[in-house]
């Protein structure tokens, strides 16, 4: 992994490779605190022992079979209220990565899980620091299931499984992922946030479909209608339309 040479301007040009670590996001944050937060730096590992996801969940990934990494960015062009724009850009970049590898049925489960044919294939955890009225640093934690073919969660899958089996070269895939992440990020930086949001809405998991959800009032049938300016999920229920934050609504599966 330390010999990765992506065809990019800055993403992945500086690589911190660790055979094993507790959390790539924590290591990336430590680099920033120590004054080593070079824009585009990737912290990558073969084995993450304490990876975490949204809602405090842990991330299951077998050693040396998947992509587990964190990307350091300096998105000072974004205001704190625009943090979800970065999330959408990263999500669409990862979507393009999966599509480039011949995978069908890819979608983004709000806010930033990667699904293939209704099964989870990856997740993103973004942790940002704020300086004044702009974002200072963002650490983009990315976990993508690549070669793993068995999971304790029946609703998990991998790129290899969905493409018919066979081991895929992680080094090459990381280089490719860096390219798509940089492309999406630079598109955001160059002011194309409306196009990114449009793409994000097009590929949202269950968008426009009547589905079961759970909120503080209980289970209900609703239809995803989009996201609001703060990145909250807009769901039209039987009585009214409502916006939900990350911990306020849960997707239900049969």
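Observations on the structure shown:
Every residue, every condition in (1) surrounded by 17 or more Cβ atoms within 10 Å (Cβ to Cβ); (2) within 17 Å of the chain's Cα centre (by Cα); (3) part of a strand (DSSP E or B), yes or no:
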position	(1), (2), (3)
180	yes, yes, no
184	yes, yes, no
188	yes, yes, no
191	no, no, no
214	no, no, yes
235	yes, no, yes
243	yes, no, yes
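- Among the residues listed as 171, 113, 118, the single one being within 20 Å of residue 24 (Cα to Cα), surrounded by fewer than 20 Cβ atoms within 10 Å (Cβ to Cβ), out of contact with any strand residue (DSSP E or B) (no Cβ under 7 Å at 6 or more places or on another chain) and not assigned by TED's automatic domain parsing to the domain that holds residue 227: 171
- For the range 83-117, a residue qualifies if it is free of Cβ contacts under 8 Å to residues at least 60 places away in the same chain and either in a strand (DSSP E or B) or at positive phi (or both), and the qualifying residues are 105, 114, 116, 117.
- Every residue from the range 193-212 that is in a strand (DSSP E or B) and surrounded by 14 or more Cβ atoms within 10 Å (Cβ to Cβ): 204, 207, 211, 212
- Failed condition for residue 136, given (1) more than 17 Å from residue 12 (Cβ to Cβ); (2) assigned to a loop (DSSP other than H, G, I, E, B): (2)
- Between 3, 7, 63, the distinction of being touching a helix residue (DSSP H, G or I) at 6+ places or on another chain (Cβ under 9 Å), part of a loop (DSSP other than H, G, I, E, B), surrounded by fewer than 20 Cβ atoms within 10 Å (Cβ to Cβ) and at pLDDT below 95 belongs to 3 only.
- Subset tally (residues that are under 22 Å from residue 84 (Cβ atoms) and part of a strand (DSSP E or B)) for the range 216-233: 7
The values are calculated or read from the model by the stated rules, or taken from the named source; none is laboratory data. Computed from a predicted structure; not experimentally measured. Ideal geometry is used to build each Cβ from the backbone, glycine not excepted, and the neighbour counts take in all protein chains shown.
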